[in-house]
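First up is the structure itself, then whatever we jot down about it.
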Amino acid sequence: MPTSKKIQPVKYVSALQGAIQAKCPRCRRGDIFASSTYSFTGQKMHENCSHCGLHYEREPGYWYVSMFVSYAFNVAEMVTLAVATYLLTGSHSPWLYVGILLGIIFLLSPFNYRYSRVVLLYWLTPGLNYNESYAEDRQP
Ligand SMILES: [Zn+2]
């Protein structure tokens, strides 16, 4: 009796879920980064998606735009931290704010690096959308 191969439907991954997991924006299956956010070896990116082959750097200098996203992340984090520091301590010492902000921003810099690129790929790149046909398993 011949065995019939069941075709598994592609599990849909939402854009938010794919972005949090730093998956390819086109197929949402291949990893964008080769290492974790807080890896001691640094953050290495794959040049192409391991599943669909998408080249992540869309054009020369593409990653410079992620600096603006990272800047927005930093401003939002610093304002939030400054307000939280004021509400929690009530202090007027500028050294307390400088110490806390620089320390936390230093700790968050790997997060900002990673997710500024993910946000750029997912939501700020025209014409780069999820395509279910790329998410399907490749034929052997
Ligand atoms: Zn892909």
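Each reported figure results from applying straightforward, stated rules to the coordinates on display, with no laboratory input. None of these values were measured; they are calculated from a predicted model. Note: ideal-geometry Cβ built from the backbone for every residue, glycine included; neighbour counts use all protein chains shown.
Sort 122, 62, 12 so that the residue with the fewest other Cβ atoms within 10 Å of its own Cβ comes first and the one with the most comes last. If I rank by nearby Cβ atoms, fewest first, I get 12, 62, 122.
Comparing 118, 92, 62 along the charge dipole axis of the chain, the residue lying farthest to the positive side is 118, per the Cβ-charge model. Going from the residue with the fewest nearby Cβ atoms within 10 Å to the one with the most, 120, 87 rank 87, 120. Sequence-ordered 3J(HN,Hα) estimates for the range 19-26 from the Karplus curve with 6.51, -1.76 and 1.60 and θ = phi - 60° stand at 5, 4, 7, 6, 9, 4, x, 8 Hz, glycine and proline given as x.
For the chain, a Gaussian network of Cα nodes joined below 10 Å ranks 59, 47, 77 by mean-square fluctuation, and the top entry is 59.
The value of relative contact order for the chain, using C-alpha pairs under 8 Å at least six residues apart, is 31 percent.
Subtracting the Cα-Cα distance of residue 77 and residue 45 from 0.36 nm times their residue separation leaves 9.1 nm of extension gain. With helices as the sole contributors, the chain gives -15500 deg cm²/dmol at 222 nm; each DSSP H run of n ≥ 4 counts as -39500 (n - 2.57), and the sum is divided by every residue.
With everything on Cα atoms, drop me the angle between helix 94-123 and the longest principal axis of the chain, reported from 0 to 90° to the nearest 10. Rounded to the nearest ten degrees, it is 20.
For residue 33, the residues whose modelled amide H falls within less than 5 Å of its own, excluding neighbours fewer than 5 places apart on the same chain, are 46.
For the pair residue 63 and residue 91, a Förster radius of 41 Å applied to the C-beta separation gives a FRET efficiency near 0.60, rounded to the nearest 0.05. If you model the range 15-135 as an ellipsoid using its alpha carbon gyration tensor, with each semi-axis the square root of five times an eigenvalue, the axes come out at 33, 14, 12 Å, biggest first.
As a proxy for reagent exposure, 104, 32 were ordered by neighbouring Cβ count within 10 angstrom, fewest first; the result is 104, 32. Highest average first, the peptides 19-27, 106-114 ordered by how many other beta carbon atoms sit within 10 Å of their residues are 19-27, 106-114.
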